[in-house]
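S.K.: Below you'll find the structure I mean.
The values are calculated or read from the model by the stated rules, or taken from the named source; none is laboratory data. Being a predicted model, the structure only gives us computed values, none of them experimental. Note: ideal-geometry Cβ built from the backbone for every residue, glycine included; neighbour counts use all protein chains shown.
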Amino acid sequence: MPNKSGSGAAQEVFELGKTIFYALLIAFVLRVVLFQPFTIPSESMEPTLLKGDYLIVSKFAYGWSRHSIPFNPPLAQGRLLGHSPKRGDIIVFKLPRDGKTDYIKRLIGLPGDRIQVTHGHLQINGQPVQREMQPPSQEDDAGSASIASFKETLPGGKTFTTNSFGPDGLADNTGVYTVPQGCFFMMGDNRDNSLDSRFDPGDAPPGQASCPWNHDVDKFMPSDLGVGFVPAEDLVGRADIILFSWRPGVSVIKPWTWFTTARWNRFFHLLG
């Protein structure tokens with residue numbers, strides 16, 4: 001006689017496997033097409049984003065490229081259903097010189113713009129960006145060190161707060177960067193603690209998408225490798241919401257730290 005119990009067990013295993021497969025497939029499609037989680041690894045976007053913030057990044061905001069797919073397969077260049085980003089957007093992108101490392105910065109310069117920093121004051125197309133001094137702040141969890149803060153308003157109306165250690169840091173006095181077509185200029189809100197488009201990216205590997213670097217500004221900048229101009233293809237998505245946030249000290253194996261280190265006021269915080 002046939003073993004009905006064995007057949008039933010095999011059917012249950014098959015159904016379980018099918019359920020897991022569909023769940024993974026749905027998660028993969030959501031990850032590729034709609035959203036991507038991203039954890040802030042550094043202080044370069046303070047005070048807007050803090051180390052330990054857990055973000056949701058909208059991948060459909062700018063359309064899709066090969067960087068929308070995990071592991072960045074060598075597919076055709078360009079974007080599918082591409083949309084132009086707006087000045088002031090907070091964007092996750094692939095580091096142009098390697099095409100793999102995720103970076104997050106604010107979009108400051110659009111194609112054709114002329115960007116310059118003079119004594120820490122950002123200028124776009126020859127006009128100083130409107131800014132107002134704010135009460136001194138401090139880097140998150142950095143103790144009592146006082147940091148100058150400014151509320152900046154970009155052309156187009158986007159307003160946000162930046163940090164500055166002073167007017168004469170490494171990237172506080174630059175030459176003029178002219179943003180090439182198809183490229184963007186990114187900066188961190190923590191202006192003196194951000195390796196961004198103000199710094200020479202060096203030479204891109206053969207075949208790696210890149211934007212031409214304006215070598216006329218090299219003499220103004222340190223030789224540390226930076227981001228340079230960011231090609232449109234390298235945009236991953238727009239940061240839309242801080243889902244969760246924890247201070248240093250949180251541990252997966254210590255559940256009580258999930259509560260004691262939580263920054264509750266940053267949970268489910270929309271990024272305008």
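S.K.: With segment 85-126 as the region, which strands (runs of 3 or more DSSP E) entirely inside it contain at least 3 residues that are over 15 Å from the mean Cα position of the chain (by Cα)?
M.R.: 114-118, 121-124
S.K.: Please determine whether any residue of segment 236-245 is touching a Pro at 6+ places or on another chain (Cβ under 9 Å), modelled with pLDDT of 90 or more, within 23 Å of Leu170 (Cα to Cα) and of a type outside the set (S, T, N, Q).
M.R.: No.
S.K.: I would also like to ask the following. Go through segment 77-103 residue by residue and tally those that are among the polar types (S, T, N, Q) and either touching a strand residue (DSSP E or B) at 6+ places or on another chain (Cβ under 8 Å) or surrounded by 21 or more Cβ atoms within 10 Å (Cβ to Cβ) (or both).
M.R.: The total comes to 1.
S.K.: While we're looking at this one, here's another question. Can you tell me which residue among Ser210, Ser223, Ser197 is under 22 Å from the mean Cα position of the chain (by Cα), at pLDDT below 90 and among the polar types (S, T, N, Q)?
M.R.: The unique qualifying residue is Ser210.
Residue-wise test of (1) in contact with a helix residue (DSSP H, G or I) (Cβ under 9 Å, 6 or more places away or on another chain); (2) modelled with pLDDT of 90 or more.
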| site | (1), (2) |
| --- | --- |
| Ile56 | no, yes |
| His67 | yes, no |
| Asp89 | no, yes |
| Val92 | no, yes |
| Ile108 | no, yes |
| Ile124 | no, yes |
| Asp141 | no, no |
| Thr153 | no, yes |
| Gly156 | no, yes |
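S.K.: Same structure, new question: Just give me the residues in segment 104-124 being exposed (fewer than 13 other Cβ atoms within 10 Å of the Cβ) and farther than 21 Å from Asn193 by Cα, in sequence order.
M.R.: The one that is exposed (fewer than 13 other Cβ atoms within 10 Å of the Cβ) and farther than 21 Å from Asn193 by Cα: Gly112.
S.K.: Only residues that are crowded, with 22+ Cβ neighbours inside 10 Å and either in contact with a His (Cβ under 9 Å, 6 or more places away or on another chain) or over 21 Å from Ser42 (Cβ atoms) (or both): list them for segment 159-178, please.
M.R.: Tyr177
S.K.: In segment 36-61, what residues are of a type in the set (A, V, I, L, M) and not in a strand (DSSP E or B)?
M.R.: Result: Ile40, Met45, Leu49, Leu50, Ala61.
S.K.: On to the next question. Is there any pair linking a residue in segment 246-258 that is closer than 16 Å to Asp53 by Cα to one that is in a strand (DSSP E or B), with Cβ under 6 Å and at least six apart or on different chains, and which?
M.R.: Trp246/Ala262; Thr257/Ser251
S.K.: Okay, moving on. Can you list residue pairs whose Cβ atoms sit under 6 Å apart, with the first residue in segment 44-69 being under 19 Å from Pro96 (Cβ atoms) and the second being basic (Lys, Arg) and modelled with pLDDT of 95 or more? Count only pairs 6 or more apart in sequence or on different chains.
M.R.: Listed by first residue and then by second, the contacts come to nothing, as the list is empty.
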